[in-house]
Amino acid sequence: MNLATSLSEVKGVGDKTFALLQSAGLDSVGKLIEFLPRKYEDFSKVTPIAEIKPGKATIKAKVTSVNVRQLGWRSSLTTAVLDDGTGRINAVWFNQAYRARQFSHEEFYFSGLFEMRYGRFQLTSPSAEKVKELPVQTGRILPVYMAKKGLKPAVTRKILDELRPFITMLPEFLPAELIKKFQLLPYADALLKIHFPESLQEFETARERLAFNEVFELILAAKLNKQENQKLSGFKIEFNQPKIKEFVAGLPFKMTTAQRRAVWEVVQDFEKAVPMNRLLQGDVGAGKTVVAAAAAYQAHLAGFQVAFAAPTAILAAQHAKTLDQLLSPLGVQVALLTGGSSKPKQETLRRLARGEVNVVVGTHALFEDSVKFKNLGFVVVDEQHRFGVKQRNELLATSGGAMPHLLAMSATPIPRSLQLTLFGDLEISILDESPGGRQPIVTKIWRNSTRNELYALVKKELDEGRQAYVVAPTIEESTEDKTLKSVETVYKAMLKTFARWRVGILHGKMKQNEKEARMSEFKNHELDVLVSTTVIEVGVDVPNATLMMIENAERFGLAQLHQLRGRVGRGEYQSHCFLLPSDIEKIPRRLRYVEESVDGFYLAEKDLELRGPGEIYGAAQHGELDLQVANIADTKLIRTASEATDWFMKNQTLDNFRVLRERVQKLQKVTTLN
Ligand code: ADP
Ligand code: MG
């Protein structure tokens, strides 16, 4: 037996159980032994019947009589009288008639809930096992596993019990020296303590080791990715200082120091023979696009084509427009590649293949087979952190075997403590300066019961020519949840409230062209108020919009609120964001944080604090990165694991550690961004 052995070969696992295990994604020995309990129930203490109190209990007793009563078609009630010499109690099971045959005259452990039912005390549906057959389901600290796809925790326990001798013999997969140096519990010990704890304390040290594994492997994978990236060949792009200076000088605004630094970091990477793999992090409105534009211009000057990928069609259109404005006066041909198979699209594809389009903007469809470049040298990806192996290979294919330089842009501020873990394979540039001397957005939780005051304020701004967003959490009304506001309802209300103004609606169920039309109406100031779900994307840029009202604000996460808010405050005017919680008596702490600060990094730290172990900041955006055990906010753990990876990279190679290599390679697939 080894880690890859199928569980179908384990004693007691029949076809049905194996099918369940498979659908739960737990088909091999290796996978099941790392399927960790959700919690523990302490059934380890045997209580004499004479002393039993209501609650969870284990007793060790003989069965003096069993009675099965048929309650109806296929339903039965089994009652047994249990006696341990100190007293007697009843145990009761529903629809488990087989119990009548289970009991012999021997002693059994019974673990279950001792409670008052139908006017008398009983032990309800206890598990029962022979004392002499080493108990699995009774008489111990019982691990409770998630019932994934209906896989019963008792079944998981049973199989793990079969695997126990294997786990005991499991060799360590980390170097012995590393285990010693970083004082880690051996792997087998950790697993035994997790699945068969003898005390609740010992489970904690076991958890630490498994958490270490996770973080260590994650960081190692990232560092190895980086190392592999260094081996790829890329395109050397020489810095054209005069032209870039000209570009910067020609901008309608002065670049911030942070922007200049970011451009500088990019062009320096360009000059290297290895492909750039850089993340440009900056809060919403920090001005990432112009940094990318400068870089794109530089790549173009060196004779390369540039692909600029946005997460949605709306954003792609916006970027295409911005880039066209910035670059076409300099002789750069910018084109938007839309979906479908229209004639203009075919024409764009042809021009792209001939090298007549210099910068192409689109969604991820840019990297599909049908898109051919003449000489792609630089790729910008907006708002996507994870660019998997598949995309990497697509890119390599599109650019003829050499790897284009890559710049990923993200408005999700990652707490600095996490950058190493999450993005260890990337170089990072940070825009931490708000451009153009903008005034910070004033945020207020609207605590008043009346909204007239608020509406008066909004109307005044609209009269001055500004625009407003109103955000609602759902598209349609919910029958279960009366406090939940739909975008439809809010829209109707706003039509009345703002009868003098032009009000529009936008949500995810609308057709793509409708959405785009609505967004551009708002952008062109053909609408004053836009009522929307969260579909107004992160990057949407309407500097004239200075107001945002968020309905049911308590429904949104901290990061989400911050991102939403970033759609205002993008121009010269003072902006306001009003958070409207449905219950002013119950205002969650995260709303207060949003009210108190506009600093994305600060909020990211707070978000981390508010979340429990294992939950990752902005998890949805980080894709498959999923920690089972480790608390990503545990900076000490991260530091130790990081030191351990440094030690490993310096003193060892993965080739000597087959199991570790497999574990890390799996992660490398996920975290590869290059
Ligand atoms: P994000 O980082 O969210 O992508 P954008 O690139 O969309 O931000 O920039 C937001 C707005 O700020 C745009 O209208 C852009 O023209 C403007 N902008 C960018 N840099 C500066 C600057 N240094 N000074 C003034 N305005 C700027
Ligand atoms: Mg943007």
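The values are calculated or read from the model by the stated rules, or taken from the named source; none is laboratory data. As the structure is a prediction and not an experimental result, all values here were calculated from the model. Reconstructed Cβ throughout: ideal geometry from the backbone, glycine too, with neighbour counts over all protein chains shown. What goes into the accessible areas is simple: the full protein's heavy atoms, side chains included, and nothing from ligands, DNA or RNA. Shrake-Rupley method; radii C 1.70, N 1.55, O 1.52, S 1.80 Å.
Observations on the structure shown:
- Among residues of region 98-122, those that are open to solvent by less than 20 Å² (accessible area, probe 1.4 Å) and without any contact (Cβ under 8 Å) to a residue 60 or more places away in the chain, counted: 4
- Enumeration of residues in region 249-294 that are at pLDDT below 90 and within 8 Å of ligand 1 (Cβ to nearest atom): Gly282, Asp283, Val284, Gly285, Ala286
- In region 406-441, the residues that are in contact with a strand residue (DSSP E or B) (Cβ under 8 Å, 6 or more places away or on another chain) and either away from ligand 2 (no atom under 16 Å from the Cβ) or in a helix (DSSP H, G or I) (or both): Leu406, Ile414, Gln419, Phe423, Asp425, Leu426, Glu427, Ile428, Ile441
- Residue in region 270-290 that is open to solvent by less than 10 Å² (accessible area, probe 1.4 Å), under 30 Å from the mean Cα position of the chain (by Cα), over 14 Å from Val379 (Cα atoms) and among the charged types (D, E, K, R) present: no
- If the condition is being of a type outside the set (Asp, Glu), open to solvent by 60 Å² or more (accessible area, probe 1.4 Å), touching a residue at least 12 places away in the same chain (Cβ under 8 Å) and within 19 Å of Ala553 (Cα to Cα), then region 458-496 contributes Thr483, Lys485, Thr489.
- Residue in region 597-612 that is within 16 Å of ligand 1 (Cβ to nearest atom), among the β-branched types (Val, Ile, Thr) and either open to solvent by 50 Å² or more (accessible area, probe 1.4 Å) or more than 18 Å from Lys485 (Cα to Cα) (or both) present: yes
- Candidate set: region 544-568, residues that are in a loop (DSSP other than H, G, I, E, B) and closer than 19 Å to Lys321 by Cβ; chosen: the one most open to solvent (accessible area, probe 1.4 Å): Asn544
- Of all residue pairs spaced 6 or more apart or on separate chains, those with beta-carbon atoms under 6 Å, a first member in region 32-50 that is among the small types (Gly, Ala, Ser) and a second member that is assigned to a strand (DSSP E or B) are Ser44/Ile141.
- Among the candidates Thr86, Thr58, residue that is hydroxyl-bearing (Ser, Thr, Tyr) and surrounded by 16 or more Cβ atoms within 10 Å (Cβ to Cβ): Thr58
- Scope region 522-533; condition open to solvent by 10 Å² or more (accessible area, probe 1.4 Å) and within 16 Å of ligand 1 (Cβ to nearest atom); matching residues: Lys523, Asn524, His525
- Filtered by the rule that a residue be touching a Lys or Arg at 6+ places or on another chain (Cβ under 7 Å) and within 11 Å of ligand 1 (Cβ to nearest atom), region 402-442 gives Met409, Leu431.
For every residue, the table says whether it meets (1) over 26 Å from Gly339 (Cβ atoms); (2) more than 16 Å from ligand 2 (Cβ to nearest atom); (3) surrounded by fewer than 20 Cβ atoms within 10 Å (Cβ to Cβ); (4) among the aromatic types (Phe, Trp, Tyr).
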residue	(1), (2), (3), (4)
Met510	no, yes, yes, no
Ser520	no, yes, yes, no
Ile536	no, no, no, no
Asp541	no, no, yes, no
Val594	yes, yes, no, no
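- Candidate set: region 298-334, residues that are more than 31 Å from the chain's Cα centre (by Cα) and open to solvent by less than 10 Å² (accessible area, probe 1.4 Å); chosen: the one farthest from ligand 1 (Cβ to nearest atom): Gln305
- For region 45-89, a residue qualifies if it is of a type in the set (Ser, Thr, Tyr) and touching an Asp or Glu at 6+ places or on another chain (Cβ under 8 Å), and the qualifying residues are Thr64, Thr86.
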